Amino acid sequence: MSTPAIAHHTHHGAAPPSAGLSRWSRFLWEAPLLLSILFTALVVAWAQENDTLEREALRQSVVADTLSLEAQLAARLETEAVKLRAAATHLPPAGADPNRQLAIQPEIAAGLDRRWLSVVWLDADMRIVAEARREQRPGVPAQPQAQGISLHLIAPTSDEHHPQTGQLIARYDPADLIQSKDFWWLAAQYEVQLLSGLGEVIVSTESPGRVARGETYETPFKAIPDARLRLTQRVRQPHWFTTLPVILLVGFLVLISVATLLLRRQMRQVTRAEAAWRNEAAWRQSLEESALVGLRARDLNGRLLFANRTFCEMVGYSVDELVEHDPEFDHLAHPPQDAASHPTQRVGHETRWRHRDGRMVDVVVFESPLVDGAGQQVGWMGSIVDVTERKRLAELERKQREVLSNHARLSTLGEVASTLAHELNQPLTSIVSYSAGIAKALEKQPGTRPDLLAAAQALSRHASAAGGIVHRIRERLARRELVLEPHDINTIVSDAVALLKLDFKRAGVSVQLDLDAGLPRVRMDRIGIEQVITNLLRNANDAMAATPPPRSLQVHTLLSHNPPLGSAQGWVTVAISDTGPGLGGRDIETLTEAFFSTKKEGTGLGLAICRSILESHGGVLHAQDAAGGGACFSFSLPPDKTINEATHHDNHATHHLSMR
Amino acid sequence: MTTTQPTIYLCDDDEGVRTSLAFLLRQHDLEVTSYASGPELLAAIDAATVPLRGIFVLDVRMEPLSGLQVHEALISRGLDKRMPVLFLSGHGDIPMAVGAMARGAFSFAEKPYADEALVQLIRQALNAEVQWHGRMARVDALRQLIEGLSRQQVRLMPLVAAGELNKTIAWKMELSVRTVEEHRRKIFERLNVHSAAELATLLAEARTAGIDIAATP
């Protein structure tokens, strides 16, 4: 992994491919194929054109060969005709043995030797005078007969007086004419046919089984009336599209198509992989950006390579600033020793960073090695969790607990003082009265011993002082100023339950809240009431410790219209029921007696304090056995009006006391 | 209980406090009668043959009747108008004592009290009782005087006090002027007043004391 690329990537996210580009690349895809097709088409056109030209040339050569053959054959026949005429001219008038006469004629004999099959001598009346035939010479195979058809040449015989005395007719085989060895070069190339006027083949150079299919040309054979000469090429000119180049080209096209297809498929896979990578990159980026955990990567020298948004927000610098300056919290840039020694473990260490704006940020840093593709460690990857808020909340909760426990301690102390004062009040009052009375009596009696009088007066003073001390202590501790403000009792209940959440969890107690959302706000001393609720919840929790599970605790808030003290208005009531052992027949008076406790380590003041707090609000505390067998403690707070009256009275009382 | 001398009727169920306080007060030459409970006190009051003089000192927290309940009983007997009620309060029951004050109690003392302060408070109450007694005596006398008048004279009296002329009164009440003059003379003589203004003052006093005087007809 090239680590700088990570940072780079963070800045410049890959742009999504545009539609235009896609069309262009699509064209690029098809271009090779299209060009190949074009090329092939051109080649095919060229081949076709070439073929046409070739055919034309061939045809012309056939025509030329035909015409030239015709001319040669005509010339040959003409030669024969000339020789026959010469023979006719030299023929003497018919003798006694015209046959012999004819046969010894040298021209005739030469002609029979050469080509003539027979020569017939006709007189002027068309009677046969003589006939000469070719002798069958042994060893020489008979000439193929042209299907029995023979042709003939005619030459008139003449003497000095008569231009025509008869005729010489020489028969010849047309096959012999055509199959002459003189035309071997033609015969190799063409099939030569002589056709009658009706189109019958008179002579062919070819054996009947073999049929020539090539280019053909016919021309009238002037030497023989009504006959035609036809040349047909032996080798058939192949169709242009069956030529090797075209076949190769088509093959090439097919190959190109396949290649394109394969390439396309390959590229599609690449594209898909690229898209997947882009997707993943975008995903990873948004993941990094949205993560609430700060992320940063550093190389082995501690230089920052990458940081996500949360990290930047955590310290107040942008990535660029962090990368360039390696800023003030440089001391954090070095990997912690413990992490270095245990690279596989994710050991978090807690530390404080200074944010750019100066405030301190509590963070927990988890470092793990940053490994590249080759398995080489190139740096450290760190995830950083901001725990400032968590710490603040924990601190807040601790403070609240402290306030509450402080208050509880103070209340306990106050209750002790109060109880003590109550217990001491009566005897002190008696002592004050008696001592003052004695002093007065001695004073009136004549002849009283002055030291006795002084002692009595001192006794009275000290007793009064003692009373004053008790009074002052009680004033100071028991009469805490109530901070009366309108509060929602449900909020206080929820807060108190939340505060004890851990205790409940530890004791395996499930808590059900059933809070009436429509309760009016009541003026109350928040800390005091919270202390009452906390105390009752704790009592319930402790009471259930000995009972087997399931342990459940139910907290109800409701508006009760029939409180024991009687009031037309609704009293806000909180009831806490447990599944503990219950009250065991004790009533609220017994339970709230000072120093009465069912708990070994209890002070026996908790409920008494609760009752004092509630009564100072004009409220009442009840206790009864719950339906489920446990205990149900509940308290009711009067509507605001009553509180106001009580406050008024208190003021009055204070005023009056100060008069004494 | 035949004495008419102002007495302190002390009621506290704590014997130590009760006896010591009685002892203290007696040393101040005060008359004290103490009771251990509310019912005991109420029984003694109901058994009295002559009108009582003095004050009540009640502890707030008592059994079976609390100081407040005893106070209620005194109010129902009309005694609270004649005899001041003073409460002794321990801590924690001050709101109750304050409530009692609101119902007309004279004052309360918080235990443990300083002796001089308590004696002084009791003397104040006793003085108040004397004043109350004097006022009540006058009211009683006044009631007797008014009760001595005829119905017609009672009806006529407010008009005279209002300064109406005899003629007007006569016209209003459909009497002769002479009769009105006679009534006026009798009223003045009976009530020992010499002018309509004096009569008006007297009537105002009587009304304040709760004596029923017929309104203008």
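Details
- Three-way shape label, chain B, alpha-carbon gyration tensor, a/c 1.5: prolate
- FRET E, pair residue A:242, residue A:216, Förster distance 30 Å, beta-carbon r, rounded to 0.05: 0.90
- With a Förster radius of 25 Å applied to the C-beta separation of residue B:141 and residue B:176, the computed FRET efficiency comes to 0.20.
- Computed from Cα atoms, the angle from the helix B:38-47 axis to the main principal axis of chain B rounds to 40 degrees.
- Computed helical MRE - 222 nm, chain B, DSSP H runs ≥ 4 contributing -39500 (n - 2.57), nearest 500: -18000 deg cm²/dmol
- Counting DSSP beta bridges with both ends in the protein assembly as shown, the antiparallel % (nearest 5): 75
- At least 30 Å² of accessible area lost relative to the chain alone, listed for region B:69-117 with a 1.4 Å probe: B:91, B:94, B:98, B:101, B:108, B:110, B:111, B:112, B:113, B:115
- Candidates per trypsin sites (Lys or Arg not before Pro) in region A:492-564, loop by DSSP, up to 14 other Cβ within 10 Å: A:521
- Ranking B:20, A:541, A:363 by Cα position along the charge dipole of the protein assembly as shown, where only Lys, Arg, Asp and Glu carry charges on their C-beta atoms, puts B:20 farthest toward the positive end.
- Of the GluC sites (Glu not before Pro) found in region B:8-76, those that fall in a DSSP loop while having at most 16 other beta-carbon atoms within 10 Å are B:31.
- For region A:425-505, relative contact order (Cα pairs under 8 Å, six or more residues apart, normalised by length) works out to 30 percent.
- What the Cβ-Cβ distance of residue B:5 and residue A:507 gives, at R0 = 56 Å and to the nearest 0.05, is a FRET efficiency of 0.20.
- Farthest toward the positive end of the dipole of region A:373-515, out of A:376, A:462, A:510, is the Cα of A:462, where the dipole comes from beta carbon charges about the Cα centre.
- Sites listed here are GluC sites (Glu not before Pro) in region B:105-213 whose DSSP assignment is loop and whose Cβ has at most 11 other Cβ atoms within 10 Å: B:174.
- Modelled label positions at residue B:195 and residue A:472, each set 7 Å beyond Cα in the direction of Cβ, lie 6.0 nm from each other.
The values are calculated or read from the model by the stated rules, or taken from the named source; none is laboratory data. Here the structure is a predicted model, which means the values were calculated and not measured. All Cβ positions, glycine included, derive from the backbone under ideal geometry; neighbour counts span all protein chains shown. Heavy atoms of the whole protein, side chains included, go into the accessibility calculation; ligands, DNA and RNA do not. Shrake-Rupley method; radii C 1.70, N 1.55, O 1.52, S 1.80 Å.
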